[in-house]
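Read the figures in this text as sums done on the coordinates, not as results from a lab. Predicted model, so just to flag it, every value in this text is computed and none were measured. Please note: Cβ atoms are built from the backbone with ideal geometry, for glycine as well, and neighbour counts cover all protein chains shown.
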């Protein structure tokens, strides 16, 4: 008699899923070229020709700008650093508010705190998981200076509506495109849809340099400020003749020549890798749509999707089983992924707890012990981070969203079929799931 693996039955698959490895001979050759040059980094934190970095960094920036059809591209050591640069470049600071998503990686909101401004959370769209334009506009006050939009899971934000709101209220649009390189809205690349955009080159992204990021903009002034904040602005502004000293305390957010050389080769592969992800998701969507309790996420009209992950909405009423119990049963049927074994089976529920429920926001303690920046005299008001603030976000986190990463270009049709078989088996035998039972470690 058929039995779920979580109940002691045979797994759908025991063999590990293939690793997602994007680096090969070309990257190896590029790294050797840099090592043999003897120059592993060529930045100087002073006003000098090397203020802008070395040959590989500059070439990578030029190639990225050309690919994404944007005036300026600035390499940094992470997308988090890029977000910090973007917030600083926009001149944000104490007393200002910035609308952010509660359903994203933490840095998409903490970047606001770095310069003493206050994150204000708006809710997300139920179908696309990006910021809801109506919720954004409802949160705007006279203190609001910018919106940090996130192209979550690989999908561009609602460009027309949010950009219209931003224009109406004279706000910057800062686009966190960490999960959506290569996605498009009306044939324009995600990351270039707002005033300034940020890409990630972290190891589990579509393409990567181990760690790294890119900031892009068509605004000359924003580009200059990003370059300054990236590389010790305070030591450069006088010699460079910079008059506006707002946020001109710089950091060391510089990319190395090794990372840039890797990035130049990785960029050549981006279109192909995104296309393969889309192909795999298309197949899985067709198969998993047949399971009554699952609804594969939609793609926004006039947009393409880069599929950082594959999102599925889960209907507990139809399944008559809790989402988290369903997920544990699916995970028990599937193997680990090569090179990422310590992370468990790459299927999960809820994505992330709404950011405003993190201790940082609940206790309003960030810098020092006195509640800064919330207690800053330039702010002088209270902002709510109570549970219930963003109901759609909380619904997705608590019981309605499943995401998985079993869509990489390394996955074959046989691999994808095993994923489908695991979901089908668990749905078929869902009434045998014991509440609260977890997969064996």
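One table, with the values for the structure above:
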item	result
Euclidean distance between Cα centres, the stretch 407-441 to the stretch 101-134, Å	32
Simple spin-label estimate for residue 353 and residue 289 in nanometres, 7 Å along Cα-Cβ	3.6
Extended-chain gain in nm, criterion 0.36 nm per residue less alpha-carbon gap, residue 134 and residue 219	27.9 nm
Potential extension, residue 316-residue 343 segment - 0.36 nm per residue separation minus Cα distance	7.1 nm
Most to least packed among 216-229, 134-147 [average Cβ atoms within 10 Å]	216-229, 134-147
Residues of the stretch 1-32 with amide N under 20 Å of a point placed 7 Å along Cα→Cβ from residue 437	1-14
Highest-first arrangement of 58-70, 290-302, where packing means the average Cβ count within 10 Å	58-70, 290-302
Relative contact order %, the chain, counting alpha carbon pairs below 8 Å whose residues are six or more apart	22
GNM result for the chain, Cα springs below 10 Å: residue of 116, 213, 154 fluctuating most strongly	116
Relative packing of 184-194, 356-366, which averages over residues the other C-beta atoms within 10 Å, highest first	184-194, 356-366
For the chain, built as a Gaussian network whose Cα springs stay under 10 Å, the top-fluctuating residue of 254, 36, 340	36
Computed [θ] at 222 nm, helices only, for the chain once each DSSP H run of length n ≥ 4 contributes -39500 (n - 2.57)	-10000 deg cm²/dmol
Extension reserve of the residue 168-residue 26 stretch, reckoned as 0.36 nm per residue once the Cα distance is removed	46.4 nm
Estimated FRET transfer efficiency (residue 203, residue 7; beta-carbon r; R0 35 Å; 0.05)	0.50
Rounded tilt (10° steps) of 55-67 against the dominant C-alpha axis of the chain	60
Residue 46-residue 67 FRET efficiency (beta carbon distance; Förster radius 30 Å; 0.05 resolution)	0.45
